[in-house]
Amino acid sequence: MIQSAAWSRILPFGTLNRDLKLIFVSNLIGAFGDGLYVYILPLYIRGLQASSAEVGFLFSIFTLGTALTILPGGFLADRFDRKKIMILGWLIWVPMPLLFSAATHWTQLVPMMALYGFFISGPATSAYVMTAARKDSVTITYTLMGASWWLATFFLLVWAVIFPLSLEC
């Protein structure tokens, strides 16, 4: 019991209901999966005959995809079931690594990078967290949601230090 009290002061998970815990875990898993390849994605793109400028162009497409989908995401989140909007966003985003691996030339990545930036679920997630959070712990709830992504990233970086990746073919 004492250990539980100590952990609740460090990581106040008691503030999260079941749905918020699921969002926390999905962010953690998503970040872990994303982090497995996003840091080597520029090298992979270069391996598909892209110049440095073309790699930059693809990441611009990624950012444009985010910018163009976040506003409609807010509109949809106010009019439809937020859980369904969140699921839609994940269903579009999750298969992107598999699609990336099928490319044989960097130009094939243009539509995939736009979909990789597809952020229609961001506003729905934020609104859902806001309505599901306890009124006395909204800030810590948002903090935990953001921390879940960066916690996975931290573990990936520690993993990379312990087990360095060899990029030799």
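Does the stretch 137-147 include one or more residues that are under 30 Å from Leu48 (Cα atoms) and either at pLDDT 90 or above or outside any helix (DSSP H, G or I) (or both)? Taking every residue of the stretch 137-147 in turn, none turns out to be under 30 Å from Leu48 (Cα atoms) and either at pLDDT 90 or above or outside any helix (DSSP H, G or I) (or both).
Which residue is modelled with the highest pLDDT, if the candidates are limited to the stretch 27-45 and must be surrounded by fewer than 18 Cβ atoms within 10 Å (Cβ to Cβ) and among the small types (Gly, Ala, Ser)? Taking the candidates together, the pick is Gly30.
Here's the yes/no breakdown for (1) closer than 21 Å to Leu22 by Cα; (2) of a type outside the set (Lys, Arg); (3) at pLDDT below 90; (4) in a helix (DSSP H, G or I):
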residue: Lys83; (1), (2), (3), (4): yes, no, no, yes
residue: Leu98; (1), (2), (3), (4): no, yes, yes, yes
residue: Pro111; (1), (2), (3), (4): no, yes, no, yes
residue: Ser126; (1), (2), (3), (4): yes, yes, no, yes
residue: Phe154; (1), (2), (3), (4): yes, yes, yes, yes
residue: Trp159; (1), (2), (3), (4): no, yes, yes, yes
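Please work out if Gly56 is assigned to a helix (DSSP H, G or I) and within 19 Å of Ala31 (Cβ to Cβ). The answer is no for Gly56.
Of the listed requirements (1) at pLDDT 95 or above; (2) more than 26 Å from Leu156 (Cα to Cα); (3) surrounded by 15 or more Cβ atoms within 10 Å (Cβ to Cβ); (4) not charged (D, E, K, R), Ala53 misses just one: (3). Filtered by the rule that a residue be among the small types (Gly, Ala, Ser), surrounded by 14 or more Cβ atoms within 10 Å (Cβ to Cβ) and over 16 Å from the mean Cα position of the chain (by Cα), the stretch 89-129 gives Ala103, Ala127. Taking the stretch 31-52 as the range and being assigned to a loop (DSSP other than H, G, I, E, B) and over 20 Å from the mean Cα position of the chain (by Cα) as the test, the residues that pass are Gly47, Leu48, Gln49, Ala50, Ser51.
Conditions tested, residue by residue: (1) farther than 30 Å from Thr139 by Cβ; (2) surrounded by fewer than 16 Cβ atoms within 10 Å (Cβ to Cβ).
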site	(1), (2)
Asn17	no, yes
Gly47	yes, yes
Gly73	no, no
Ile87	no, yes
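The values are calculated or read from the model by the stated rules, or taken from the named source; none is laboratory data. None of these values were measured; they are calculated from a predicted model. Because the Cβ atoms are built from the backbone with ideal geometry, glycine has one as well, and the counts that use them run over all protein chains shown.
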